[in-house]
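Novice: Just dropping this structure here.
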Amino acid sequence: MTCDDIEGRLIEGDSSAEVNEHLAGCAACRAFADELGVLTAPVSLSAADRAALASLEADTWKAWQQRQARARPSWFGYAAAAACGALVASAGFWTARPVREVVVERVVEAPALVAEAEEPNLGPDEVFFEVTWPDFPEGETP
Amino acid sequence: MPTEAPSDGDLCRAFLAGDRQAFGVLVGRYQLPVFAVVRRFASTPEEAKDLTQRAFLQAFEAAQRTLPKLIATAGEVPFKAWVLRIAVNLGKNQARDGARWPLAPVETIDETASSRPQALEALEKAEAEALTRKAVERLPPRQREVFSLRIDAGLPFAEVAEVLGISEGNAKSHFHYAVKRLRDEVRALSATPGGEGP
């Protein structure tokens, strides 16, 4: 196994017997392993970091509750939403209501259907009688 | 008789059903890797805490959105992948917004050292760490994400790949390039007075 192979395996965190055996006999790879240890050391947490972590859970819980309260609509919100809904619905009904159609009728004066009856041409000693068949009540016919 | 720890899926379902304790267990389970990932991108512990908190809140909201599916299926919930993916994105945004990278003061790192040799050793360690952090800042985004998830969150390559949605081989490849580049950067920074590179 070459030094390049060992470098690659060290980078991947391989600490097998094979790698250790190579390190024992190779000063260059040991130096690389030491350097790698420094490069890949996690960030040290200071006392201030640990203090921040100590209150993290409780503060995150508070923040979660606040978010949930903001996300949940209040009773006022429900009432306002209902009022808006009613307003929109009534406006909808008003615009969609059936409208009675206005029909304009044209009144046409019909010509006189009955011509005026002509006066009978009678002499001074003549009398005009209009004779009609009398209406008898039912059962009294002569 | 030891009882088996509840899975992330069980805890998510319990929390979304109102179990406060399940929330605590989930946060406790992943707060350290999430905090460690965002710590690289944050300038102060408070900023790191804020990013960690946001990562958890967004992950819980993601769980809430998929609640019906969660209840219907007994399938595994990738909560760890969610929260770490979100943490990486938040950290990346933080770095992009340019507020980042004044290094943590050495004295805050060196609180446990009492004797002189220990103090010197701790100082050297802190300096090496500061140089490495500066060098990590200069990595291309994908290499930095892989590096942070592998080193800070301590994830195996398979999980790094799952979080980032890439293949395991790709994750390994990015990590190899990142380490080699870091080595060159740290050497260059060490050679520069004051550790400030170009």
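The values are calculated or read from the model by the stated rules, or taken from the named source; none is laboratory data. Values in this document were obtained by computation on a predicted structure and should not be read as measured data. Every residue, glycine as well, gets a Cβ built from its backbone with ideal geometry; the counts of neighbours run over all protein chains shown.
Novice: If you check A:Glu18 against the conditions, is it more than 57 Å from the chain's Cα centre (by Cα), without any contact (Cβ under 8 Å) to a residue 60 or more places away in the chain and more than 11 Å from chain B (Cβ to nearest Cβ)?
Specialist: yes
Novice: Another question, then. Taking B:Lys125, is it modelled with pLDDT under 80, under 24 Å from B:Tyr177 (Cα atoms) and crowded, with 17+ Cβ neighbours inside 10 Å?
Specialist: yes
Novice: Go through (1) in a helix (DSSP H, G or I); (2) closer than 22 Å to B:Phe147 by Cα for B:Glu46 and report which single condition fails.
Specialist: (2)
Novice: What tally of residues in the stretch B:30-61 results from selecting those that are at the interface with chain A (Cβ under 8 Å from one of its Cβ atoms) and among the hydrophobic types (A, V, I, L, M, F, W, C)?
Specialist: Number satisfying all stated conditions: 7.
Novice: Considering the stretch B:146-168 alone, what residues qualify as being farther than 27 Å from B:Glu124 by Cβ and within 11 Å of another protein chain (Cβ to nearest Cβ)?
Specialist: Of everything in the stretch B:146-168, those that are farther than 27 Å from B:Glu124 by Cβ and within 11 Å of another protein chain (Cβ to nearest Cβ) turn out to be B:Pro156, B:Phe157, B:Glu168.
Novice: On the basis of being part of a loop (DSSP other than H, G, I, E, B), within 13 Å of another protein chain (Cβ to nearest Cβ), among the aromatic types (Phe, Trp, Tyr) and surrounded by 21 or more Cβ atoms within 10 Å (Cβ to Cβ), does B:Phe23 make the cut? Walk me through it before giving the result.
Specialist: On the way: part of a loop (DSSP other than H, G, I, E, B): no; within 13 Å of another protein chain (Cβ to nearest Cβ): yes; among the aromatic types (Phe, Trp, Tyr): yes; surrounded by 21 or more Cβ atoms within 10 Å (Cβ to Cβ): yes.
Criteria not met by B:Phe23.
Novice: Among the listed residues B:Leu84, B:Leu26, B:Leu67, B:Leu16, which satisfies the condition of being of a type in the set (A, V, I, L, M) and closer than 30 Å to B:Arg138 by Cα?
Specialist: B:Leu84
Novice: Here is a follow-up. Out of the residues in the stretch A:1-15 that are within 12 Å of chain B (Cβ to nearest Cβ) and assigned to a helix (DSSP H, G or I), state the one that is nearest to the chain's Cα centre (by Cα). Step through it out loud before you land on a result.
Specialist: If we filter the stretch A:1-15 for residues that are within 12 Å of chain B (Cβ to nearest Cβ), which is where we start, we get A:4, A:7-14.
When the remaining residues are screened for being assigned to a helix (DSSP H, G or I), the result is A:4, A:7-11.
Working: A:Asp4: 62, A:Glu7: 59, A:Gly8: 56, A:Arg9: 57, A:Leu10: 57, A:Ile11: 54 Å.
Only one residue fits best here, namely A:Ile11.
Novice: Could you check the stretch B:79-99 and list, in sequence order, the residues that are modelled with pLDDT under 85, out of contact with any Lys or Arg (no Cβ under 9 Å at 6 or more places or on another chain) and either surrounded by 15 or more Cβ atoms within 10 Å (Cβ to Cβ) or at positive phi (or both)?
Specialist: Passing the criteria: only B:Gly98.
Novice: At least 2 residues that are of a type in the set (Ser, Thr, Tyr) in each: list the helices (runs of 4 or more DSSP H) lying fully within the stretch B:130-198 that qualify.
Specialist: On the way: elements: B:141-147, B:157-164, B:168-191.
Filter on the stretch B:130-198 gives B:168-191.
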